[in-house]
Amino acid sequence: MARENSGYPRRKPDADDGKIVNWARNATLADSSAVSAPKTEEELCRLVAASRGKIRVMGSRMSPGRMLKVVAEGDTLLDLSQLRGLIAMDEQSATFAGSTPMHEIYEILTAAGKMLPSSPGVIAAQTLAGALATGTHGQGLQQSTIADEALSIRMVLADGSVADFDRSHPDFHAVQLGMGVLGVVTRVTLRTCAAKIYTCHKNAVSGDTLEQDIYDWNQNFVLSKAWWFPNENQVHVWTAREANGEEIAQYRANNSDLVKQEETSDAMNETVEQTLEHMRSDTKIVDENGKPFRTVTRFKDFSDVTGDVYQVFCRGIATPQINVEIGIPLARAGEIIRQIKAWHSETQPHMHYPIILRCTGPSESWLSPSYGADTCFFGFVVYYAEDGSLSEEGVSFLQAIEKVLAAEGGRPHWGKYFDESLYRWPEIYPQWQAFRQVRDTLDPQRKFDNEFTAELFDQ
Ligand SMILES: Cc1cc2nc3c(=O)[nH]c(=O)nc-3n(C[C@H](O)[C@H](O)[C@H](O)COP(=O)(O)OP(=O)(O)OC[C@H]3O[C@@H](n4cnc5c(N)ncnc54)[C@H](O)[C@@H]3O)c2cc1C
């Protein structure tokens, strides 16, 4: 099992010392006495204005603990769960309180026959403000991050005042993805569009031509996602297009529930069994239906499906994990895939889980990993073992692969795990200094910093 100093903390699944922990239960965020849960925006303004310590805001706490941690006496961890829900909706947009969970947003929009133009992540337990703050994204080149659908963002600033930032505001592209260091997001107006129904084709193909296939799938289909199993040289790919009239009729006849085509394929079954063998030995979880296993068993006997974007793509099984996701300009993805193949055949690393490939269009947020370019995200996951540890080989794999991608100018997902020593931020983010200037203006006293964000921006 992995050493404690791997940078990936051990989970303490059962610890209950009255402290606030993150969702993965691998980090203590604060003493419970440090938590404040204002009931109104006015109360929040008073609290921020009066605070003399540091302030961090928590959403659903799904990010690594270092993003959220506050340590000193007098520091505050804000719980805004009472400030949630729909505030307004019109033909083209909807305004939600910052702490509204994404699944609530998707449910409200779906009921109104609408959706966000951006596709969802694999889970929807995040809060809207948490998703914005870290650049949370789904897949598809015709869209980008959830933050890119923001039309206007309202924040409580460090002095306790309230400010609205719309798209014409010079600081907007900093505020879109602010990592919680610019202010407290209390409401966001999001662009919406009419809900669409998709048919998603699922396939199992050889990895031999992945460096070309990744472009074809993403250029030919509005939404695409792939799981690459390098050991077995196989790729499971989903490619979705808008459903035709017949498929939509079938979907409506099914009470607008996901329609699974009867024809199934067992082409992934052997690969899934091999992956499960690794996962079982890595996690020591004995329950055959344990959550981590279900994330791959669902690839067995797969079939095409028809449903809305949330039914098709937002189906993740949230399981405590270390997830690393690095964005690389799409134009270079083929070359990176070739490099990973060469590295894989040379080192024969222990693969705990397939490599997840999702591509998005360019983001306008200055600190988005997909800023300014079509981007291919390479995702890697290692699940925690039953006892809260991580397999040593799984950890070595994550560390080695992150080095490969960081050396290629990759940009890590802010809400996942990364080794900050591998990145030269001002070189990979052309607007890094501009973001820092906005931070200087909005929070000159660094009220919204913690140790991690201070090191990140003040280096
Ligand atoms: C199982 C799992 C699956 C995931 N799947 C995906 C995926 O498919 N795609 C993807 O891109 N990411 C994914 N992620 C990453 C996830 O979307 C991010 O970690 C996201 O930030 C979590 O939102 P949260 O509400 O939990 O925010 P938190 O983790 O609580 O906070 C994240 C950041 O947001 C800030 N913040 C929160 N609320 C506010 C506010 N009101 N004002 C200002 N700042 C605020 C916090 O201070 C912190 O800096 C996944 C993570 C997990 C654990």
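The values are calculated or read from the model by the stated rules, or taken from the named source; none is laboratory data. Keep in mind the model is a prediction, meaning the values are calculated, not measured. In this analysis, Cβ positions are derived from the backbone assuming ideal geometry, glycine residues included, and neighbour counts consider all displayed protein chains.
Residues checked against (1) under 19 Å from Thr239 (Cα atoms); (2) surrounded by fewer than 18 Cβ atoms within 10 Å (Cβ to Cβ); (3) among the basic types (Lys, Arg):
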residue	(1), (2), (3)
Phe302	yes, no, no
Gly307	yes, no, no
Phe313	yes, no, no
Ala318	no, yes, no
Val324	no, no, no
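Tally time: how many residues in the range 126-146 are more than 7 Å from the ligand (Cβ to nearest atom) and in a loop (DSSP other than H, G, I, E, B)?
5
Would you mind stating whether Lys403 is free of Cβ contacts under 8 Å to residues at least 24 places away in the same chain and under 25 Å from Thr453 (Cβ atoms)?
Against the criterion (free of Cβ contacts under 8 Å to residues at least 24 places away in the same chain and under 25 Å from Thr453 (Cβ atoms)), Lys403 qualifies.
Just to be sure, is Glu91 within 13 Å of the ligand (Cβ to nearest atom), assigned by TED's automatic domain parsing to the domain that holds Val188 and either surrounded by fewer than 17 Cβ atoms within 10 Å (Cβ to Cβ) or assigned to a helix (DSSP H, G or I) (or both)?
Here the answer is no, as Glu91 does not meet what is asked.
If we only count strands (runs of 3 or more DSSP E) wholly inside the range 1-85, which ones have 1 or more residues that are surrounded by fewer than 22 Cβ atoms within 10 Å (Cβ to Cβ)?
By residue number, 19-21, 28-31, 76-79.
What's the number of the only condition in (1) among the acidic types (Asp, Glu); (2) assigned to a helix (DSSP H, G or I); (3) crowded, with 19+ Cβ neighbours inside 10 Å that Asp449 fails to meet?
(2)
Which of the residues spanning the range 215-232 are without any contact (Cβ under 8 Å) to a residue 60 or more places away in the chain and surrounded by fewer than 15 Cβ atoms within 10 Å (Cβ to Cβ)?
Asp216, Asn220
Which condition does Pro369 not pass, out of (1) of a type outside the set (S, T, N, Q); (2) farther than 30 Å from Pro13 by Cα; (3) away from the ligand (no atom under 12 Å from the Cβ); (4) buried (at least 19 other Cβ atoms within 10 Å of the Cβ), if it passes all the others?
With respect to (1) of a type outside the set (S, T, N, Q); (2) farther than 30 Å from Pro13 by Cα; (3) away from the ligand (no atom under 12 Å from the Cβ); (4) buried (at least 19 other Cβ atoms within 10 Å of the Cβ), Pro369 is out only on (3).
Report, by residue number, each residue of the range 94-106 that is more than 11 Å from the ligand (Cβ to nearest atom) and under 19 Å from the mean Cα position of the chain (by Cα).
His103, Glu104, Ile105, Tyr106
Sort out which residues of the range 315-333 are over 28 Å from Asn22 (Cα atoms) and not in a strand (DSSP E or B), and write them in order of number.
Residues satisfying the conditions are Leu330, Ala331, Arg332, Ala333.
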